[in-house]
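Remarks on the structure that follows.
The values are calculated or read from the model by the stated rules, or taken from the named source; none is laboratory data. In this text, all values refer to a predicted model and were calculated from it rather than measured experimentally. When we count neighbours, we look across all protein chains shown, and the Cβ atoms used for this are built from the backbone with ideal geometry, even at glycine.
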Amino acid sequence: MTYNEARSPLIIASLEMAEKNRLKFRREKAEGKSPTQILAEIITNPAVQVVLGIWPDETQPGGFGHRAIRGETQIERVFAGDEIHFDALFCRCPDEAAAMRQTLGDDRGALH
């Protein structure tokens with residue numbers, strides 16, 4: 001993908017965090033951990049208030065779409081001037097982020 005628009009600091013930080021987690025996932029999977037266990041540890045980390053799923057999307061500003069997997073209600077705290085800790089995961093598409101949200105994030109255990 002070629003994208004020439006400048007990226008916001010939030011997108012850059014999200015990409016860096018997602019890359020860190022991609023490497024962690026590969027390393028821990030090679031060590032024998034299950035993919036579900038690795039994702040659960042990242043998404044449910046108590047030191048983090050918000051976990052974003054991000055995926056390439058040339059129609060969005062910065063070239064990436066995003067969805068809160070966990071902590072969507074905490075995002076408003078940023079606009080109030082509060083500092084929050086967030087993390088990010090690469091997803092293939094919005095549906096994968098929604099599935100992570102449903103199984104491990106904000107919608108876990110919700111009746112549909």
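Residue by residue through the range 93-112, note down the ones that are out of contact with any strand residue (DSSP E or B) (no Cβ under 8 Å at 6 or more places or on another chain) and surrounded by fewer than 16 Cβ atoms within 10 Å (Cβ to Cβ).
Of everything in the range 93-112, those that are out of contact with any strand residue (DSSP E or B) (no Cβ under 8 Å at 6 or more places or on another chain) and surrounded by fewer than 16 Cβ atoms within 10 Å (Cβ to Cβ) turn out to be ASP95, GLN102, THR103, ARG108, GLY109, ALA110, LEU111, HIS112.
Taking ALA68 and the conditions (1) surrounded by fewer than 17 Cβ atoms within 10 Å (Cβ to Cβ); (2) in a strand (DSSP E or B); (3) not basic (Lys, Arg), which numbered condition does it fall short on, given that it satisfies the others?
(1)
Which of the residues spanning the range 71-87 are assigned to a loop (DSSP other than H, G, I, E, B) and crowded, with 16+ Cβ neighbours inside 10 Å?
Once the filter is applied, which keeps residues that are assigned to a loop (DSSP other than H, G, I, E, B) and crowded, with 16+ Cβ neighbours inside 10 Å, the range 71-87 yields only GLY71.
Cβ-Cβ below 9 Å, separation at least six or inter-chain, first residue in the range 63-85 and on the phi > 0 side of the Ramachandran plot, second assigned to a strand (DSSP E or B): which pairs?
As it stands, the answer is GLY63/PRO56; GLY71/VAL50; GLY71/VAL51; GLY71/LEU52; GLY71/PHE86, since those pairs meet every condition given.
Condition test on PHE90, is it crowded, with 16+ Cβ neighbours inside 10 Å and at pLDDT below 95?
No.
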